[in-house]
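Visitor: Got a structure here, written out as structure tokens. Questions coming.
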Amino acid sequence: MALANGIYKTDLPETDQSNVAFSDIGHASMQFYFAGFKKGQLKILAHDQSLGGGESKSLELVKVPLEMAFADAGLTFENVHMVEVVGSGSHVPAMIKVLTELFKKPRHTNECK
């Protein structure tokens, strides 16, 4: 998804890296990962697939894999420029609320139609 997110962007920075948090919350799995984008470059900074989708019903559990992914990437919430949410979790208002509160910025939702 990170590649698809950046491949068509024309406004990527030439020098400073733009960090994007990806949250893929589906019925069977939950993943968080961070990617850094520069013009013509993509770098996966961290990836955490700690929880299954069914376990995501306890919304507090979302915070643990996110904190682990942040630590692995060496990022803070302030270093993340955009949040992408995909999967069936993108339709769960409580999940969106938790992610919005954690990142303190609106999220962008990518959906396959």
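Visitor: Please go through the residue pairs Lys38/Lys105; Lys38/Lys104; Lys38/Lys63; Lys39/Lys63; Lys39/Lys105 and name each one whose alpha carbons sit more than 26 Å apart in this structure.
Guide: From Lys38/Lys105; Lys38/Lys104; Lys38/Lys63; Lys39/Lys63; Lys39/Lys105, over 26 Å: Lys38/Lys63; Lys39/Lys63.
Visitor: Right, here's the next one. Residue by residue through region 84-101, which ³J(HN,Hα) values in whole Hz follow from phi under the Karplus form 6.51 cos²θ - 1.76 cosθ + 1.60 (θ = phi - 60°), with glycine and proline marked x?
Guide: Rounded to whole hertz, the list is 10, 10, 9, x, 5, x, 5, 9, 9, x, 5, 5, 4, 4, 4, 5, 5, 5.
Visitor: So how do Asp48, Asp72, Asp16, Asp11 line up by other beta-carbon neighbours within 10 Å, fewest first? It would help to have the intermediate numbers written out before the result.
Guide: Values: Asp48 20, Asp72 15, Asp16 10, Asp11 6.
Arranged by neighbour count, lowest to highest, Asp48, Asp72, Asp16, Asp11 become Asp11, Asp16, Asp72, Asp48.
Visitor: Oh, and also: Report the calculated FRET efficiency for Ser58 and Leu12 (r = Cβ-Cβ distance, R0 = 22 Å), to the nearest 0.05.
Guide: Once the sixth-power term is evaluated, E becomes 0.05.
Read the figures in this text as sums done on the coordinates, not as results from a lab. Every value quoted in this text rests on a predicted model; they were computed, and no experiment measured them. Please note: Cβ atoms are built from the backbone with ideal geometry, for glycine as well, and neighbour counts cover all protein chains shown.
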